[in-house]
Amino acid sequence: MCCNRYLEIHFMMIIFQLIDLNSFFLKRLLWIPTKNYMNTFRVLLLCINGLVVIRQYYVLISHPTYNRVGLHSWLFYVVLYTEILLIAKLSQGEFSEPMPDEVKRWLRFGGGFYIAVSITGLIYSSIRHRKYFKNWRMNTSSLVIAHVDNKTNQQEEVKLKKKNE
């Protein structure tokens, strides 16, 4: 269960990072200045839509009976994939020089670091999740026992009071 949640959160983070990356590629490929009102309007619309998307995605991954993706989420994904297709179409022949070796090294290092931290976090959250629920079960059973004992003690006290009167 916790592994699924961890991966679902990473999926959401990657989607939002792709939207952010798309804005830089679109500015570069379409030659849109940073201060242009269209760029500001696009970012503002995606931020407002992103708030609703996060809520819908949270409901989807949190409630086991809810299995629908909301309308705003579909709109967000369509915008993302349309921008990716537009970038793929416009970037043909744009980046003709190969990537420098230093940049490749840093990308490999960053990707490896991300994967290492993700796997470590996944293992840690899995262990922590098991410990939490193990203690939770113990605590609930002890609470039930304490509650039953308390109730029987109260019943015994009532019987004793009646006998004494």
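The values are calculated or read from the model by the stated rules, or taken from the named source; none is laboratory data. These figures come from a predicted structure and were not determined experimentally. Cβ placement follows ideal geometry from the backbone for every residue including glycine, while neighbour counts extend to all protein chains displayed. The area values use the complete protein model at the heavy-atom level, side chains included, leaving out ligands, DNA and RNA. Shrake-Rupley method; radii C 1.70, N 1.55, O 1.52, S 1.80 Å.
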Using a ≥ b ≥ c from the Cα gyration tensor of the stretch 55-115 (square roots of the eigenvalues), is it rounded, prolate or oblate, where a/c under 1.5 gives rounded and otherwise the larger of a/b and b/c decides, a/b for prolate? oblate
For V103, what accessible surface area do you get with a 1.4 Å probe? Give it in Å², rounded to 10. 70 Å²
At a 1.4 Å probe radius, which order do D101, D20 fall into by accessible area, largest first? D101, D20
Counting only protein chains, not ligands or nucleic acids, how are Y77, Y124 ordered by accessible area (probe 1.4 Å), most first? Y124, Y77
Any chance you could run the full-extension gain for E102 through T65? It's 0.36 nm times the residue separation minus the Cα-Cα distance, nm to one decimal. 8.4 nm
Rounded to the nearest 10 Å², what accessible area does T34 show when all protein chains are kept and the probe is 1.4 Å? 90 Å²
With all protein chains present, calculate the accessible area of M38 using a 1.4 Å probe and round the result to the nearest 10 Å². 110 Å²
Would you rank L26, L51 by solvent-accessible area, highest first, keeping every protein chain in place and using a 1.4 Å probe? L51, L26
Once you list every other residue whose beta carbon is under 15 Å from the beta carbon of L29, what net charge do they have if Lys and Arg are +1 and Asp and Glu are -1? +2
